[in-house]
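K.L.:
One structure, as C-alpha cells, below. Some questions next.
The numbers here are math on the coordinates, done by the rules we state, and not lab data. Just so you know, these numbers come straight off a predicted model, no measurement behind them. Cβ: placed from backbone, ideal geometry, glycine included. Neighbour counts: every protein chain shown.
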Amino acid sequence: MKIFKGKGVANGIIKGRIILYLAESFINVEPRRITKEQIDHELKRFDTAIVKSKKQLSAIKSKVKKTLGISEANIFHSQILILQDNVLINKVIKYIEEDLINAEYAVVKTIKGFVKELEKTDNTYLRERVIDFEDIKNRLLKNMGTGLYETEFRHTEEPTIAVAQNITASDSIELINMGVKALVLEKGGATSHSAILARAMGVPTVMGIDNLINTLIEERHSNDTWDKCIVDAYRGKVIVDPDEKTCVKYDTRIKNLLEKKKLVCEGTALPAKMTCGYEVPVYANIGANFGIEDITCDGAGGVGLYRTEFQYMLRKDFPDEEALFRDYSEVLKMLKEKPVTIRLLDIGGDKFLPYYNHPVEKNPELGERSIRFLFKNMDILRTQLRAILRASRFGSPRIMLPMIASVEEIQIIRKIISEEKEELEIEHIEYRREYVPVGIMVEVPAVVFNLHKIAQYVDFFSIGSNDLMQYTLAIDRESTAASDLYTPSHPAMLEMIAQIAEISNDKKVELSFCGEMASEIKYIPAILGLGVNILSMNRSNIKDAKEFITKLNLAECKELGIKLRKAHTSKEIENLLNGFLREKLKKLTGV
Ligand code: PEP
Ligand code: MG
C-alpha cells in the first residue's frame, strides 16, 4: 500500500481501478537504426501490435455500442478499418525494411504522412479523421511497449480512476464521458478548467501529486494489483494498492456518505421562502447527465434548462434516437416528478459540432443557429422530439424552444410534435400520451415586442439573458473588445425584463429566468422585484442563492424594481444594486 498526498479539488471518494492516461507528448519516440538481421524481429513486433490493437478496438466497440449506441461504436469500427489498410501497413513495412529503422519510428513516420495529407484537404470529414490516425498511432506504440497512452477500459464492474500528468478540459470531458469516476492529476490547480469541469460534473478529483506516474509504472512491473486504488478527495489522498483494513474502512465511509447524502438531500429541493412567506422555486441549468443523481442535494427543485447541445458536443457524431432517449429518460427518472425543461438543440453561434459542416458566416450568432439550424435539419429535430416524447413517460418533462422570434416557428414545432405522436402511435411505440408543455426561451428582442400574442401559443416563458443581452445591446457575447458594455445593468435590459414579466403575469403564463444573470446574487432582488417568479441557475450557485433569497422580502425587491426602472444610466443602476446589497449585508451581519 502506498499513500500519496495532493489537493482535493472536487470532493468525493471512489474506490476502483487505475487507468493511465498519458498525453502523446509523454511518449518520446526516437528513430533507432536496426541491422538487416533485426528486420524480422521489428516486423513481428509491428504485426503483433496490429493484431492486439484490432482486438482491443473490437472490445471497445462492443462496449461503446452497449453504452452509447451504434454511431459512437462506429468510430472504433473506422479505426479497425484503418488498421486493415494495406497502404498503411505496406508503408510501415517499407520503412522498416528499406530505411532500417525501428517499428515504432516507422509507425510514427507513416502516420505523420497520412495526417499531413488529411490536413491539406478541404473536406471537414476527412480532416476530422486526423484524430483517428493519432489514436491509432498511440495505440500501436503502446502495444509495442513504448507508448503509455491507455484509452481502453478494462472490462470490470469497478469504477475507473484516470491518472494523468495533466489534462485539457476536453480530455476530461472525454474521460468522464467514457465512464471515468475519479481523476488524479500530477499537475493542475483548483481554478484550472479541468477542475472546474470536474466539480460541475461531480467527479472526485485530486491534483498536485508529483511523480505519481513514474511510481505507478515501476509498480506495474512487479505488482499485479498496482492498479487498485482509493481516491479520497476530501482529504486529498490517493491510496494505491490499499490493504484489506483500509478497504474495509473506506467501504464503510462510502456507504455512510451515500446515506448522509440522502438525509441531507431531504427538503433541500424545496423553494426558497422569503421573510414575507413568498416562495421562489430555484431550478438547475444542466448540460449533460453527469452527477445527475446528486442534483436535488444541490437544492434544485427541478431542471429549468437542460442544454441538449451537450449531448451533441460530447459525441463524435449525431446521437441517434436511442442515445437521446437514454439520456432524457435518465434525467426524468432521477428528477421523479420534478419539472425537467428540455431545450431543443441550440447549436451554431458560438457552439459548433466538429462533425457537421456549419456554413462559414460573418456573424454566426445572427445566422444558421438554434431553431434555424433545426428547421434546416428536420431529421435532427424530429429525432429529438421523438426521444423526448418517448422518455417523457418517466417524469415531468417540458419542451423548450430556443431562439424563437415568431409565432410561426412555434406553430411548426407544435405540428411536428403532433405528427411524431401519430407516428409513434402507428409504430406501437410507447410514449407519453398526456400533454407535454411547450415553452420558449425569451432571448430575441423580436419576441419581446410580440409577447402578448405569443403568450397564446406557449405554456411558459424563460428569459435567456445571455442572448437577450447580446441581441438587445448589439454586442457579440463572445466579444472581448466590447465585453465591458455587455452588462445586465443596462436600463434597456431591466426594462425588457420588467415588460416581459408584466405581460407574462397578465396573461398568466409561467415565467422563469435561466440566463447567467440569475446566478449573480447582486441581480436576484432586481429579477424578483421586476416580477419574475422562478429562477434557474448553475448547480453550484443554487445553495448560496437560496440562502440569500430567504433573507429578502418581496416588497423591498419590488421597491428596488421601481427605482431601477426610473434610472437613466448603467451607472445609476449599478449604484442602486450595490447599495441594496450593501444595506442588506449590513443588516444581516451588523457591520
Ligand atoms: C441564454 O441565452 O441566456 C441561455 C440561457 O442560453 P445559452 O447561454 O445556452 O444561449
Ligand atoms: Mg441562449
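K.L.:
Kindly rank 397-403, 504-510, 158-164 from highest to lowest mean number of other beta carbons found within 10 Å of each residue. Walk me through the numbers before you get to the answer.
P.N.:
Working: 397-403: 24.3, 504-510: 15.6, 158-164: 21.6.
Per-residue Cβ counts within 10 Å, averaged per peptide and sorted highest first, yield 397-403, 158-164, 504-510.
K.L.:
Something else: How high is the FRET efficiency between D544 and K362 when r is their beta carbon distance and R₀ equals 51 Å, given to the nearest 0.05? Can you show the working numbers first?
P.N.:
Working: r = 40 Å, r/R0 = 0.79.
Efficiency computed from Cβ-Cβ geometry: 0.80.
K.L.:
Hey, another quick one. Hey, fewest Cβ within 10 Å first, where do M178, M207 land in order?
P.N.:
Working: M178 19, M207 24.
So the residues, fewest neighbours to most, are M178, M207.
K.L.:
Oh, and also: I need two numbers for the range 26-143: Rg to one decimal and Dmax as a whole number, Cα atoms only, in Å.
P.N.:
That works out to 15.1, 47 Å for Rg and Dmax.
K.L.:
Return T215, T383 ranked ascending by Cβ neighbour count within 10 Å, so the fewest neighbours appear first.
P.N.:
Working: T215 15, T383 21.
Fewest to most other Cβ atoms nearby, the residues stand as T215, T383.
K.L.:
Moving to a separate point now. Take the alpha carbon atoms of the range 343-368, find their center, do the same for the range 517-591, and report the distance between the two centers in whole angstrom.
P.N.:
34 Å
K.L.:
Further, regarding this structure: Cα gyration tensor of the chain, axes a ≥ b ≥ c as square roots of the eigenvalues: rounded (a/c below 1.5), prolate (a/b > b/c) or oblate?
P.N.:
Values: a/c = 2.07, a/b = 1.61, b/c = 1.29.
Taking the square roots of the gyration eigenvalues as a ≥ b ≥ c, the chain is prolate.
K.L.:
Residue separation times 0.36 nm, minus the C-alpha to C-alpha distance between Y125 and N575: what's the value? Before the final figure, lay out the partial values.
P.N.:
Numbers: separation 450, 0.36 × 450 = 162.00 nm, distance 5.21 nm.
Net length gain for the segment: 156.8 nm.
K.L.:
Assigning unit charges at the beta carbon (Lys, Arg +1; Asp, Glu -1) and nothing else, what dipole magnitude in debye, to the nearest 20, does the chain show about its Cα centre? Walk me through the intermediate numbers first.
P.N.:
Working: 85 positive and 85 negative charges, 281 e Å.
So the magnitude is around 1360 debye.
K.L.:
What size of dipole, in debye to the nearest 20, comes out for the range 469-509 about its Cα centre when the only charges are +1 on Lys and Arg C-beta atoms and -1 on Asp and Glu C-beta atoms? Don't jump to the answer; show the numbers that get you there.
P.N.:
Working: 3 positive and 6 negative charges, 39 e Å.
For the range 469-509, the charge dipole is close to 180 debye.
K.L.:
Antiparallel versus total DSSP beta bridges in the chain: what percent is that, nearest 5?
P.N.:
On the way: 20 of 61 bridges.
DSSP beta bridges in the chain are roughly 35 percent antiparallel.
K.L.:
Give me L140, L353 sorted ascending by neighbouring Cβ count inside 10 Å, so fewest comes first. Mind showing how you got there, number by number?
P.N.:
Details: L140 25, L353 18.
Placing the least packed residue first, the sequence is L353, L140.
K.L.:
Moving to a separate point now. How many angstrom lie between the Cα centre of the range 410-424 and the Cα centre of the range 438-486?
P.N.:
When both Cα centres are located, 25 Å separates them.
K.L.:
Taking each full run of DSSP H in the chain as one helix, which ones are at least 15 Å long along their axis (Cα atoms) and have mean Kyte-Doolittle hydropathy of at least 0.5?
P.N.:
Details: long enough: 39-67 (42 Å, -0.72); 70-83 (20 Å, 1.06); 86-99 (18 Å, -0.06); 103-120 (26 Å, -0.07); 130-143 (20 Å, -0.44); 212-222 (16 Å, -0.28); 244-265 (31 Å, -0.70); 321-334 (19 Å, -0.44); 378-391 (19 Å, 0.34); 407-426 (29 Å, -0.31); 491-507 (24 Å, 0.16); 539-549 (16 Å, -0.91); 554-566 (19 Å, -0.26); 570-589 (28 Å, -0.66).
Membrane-span-like by this rule: 70-83.
K.L.:
A further question follows. Please give the length that would be gained between A446 and T225 if that part of the chain were fully extended, namely 0.36 nm times their separation in residues minus their C-alpha to C-alpha distance (nm, one decimal).
P.N.:
Working: separation 221, 0.36 × 221 = 79.56 nm, distance 6.27 nm.
Here the segment from A446 to T225 would lengthen by 73.3 nm.
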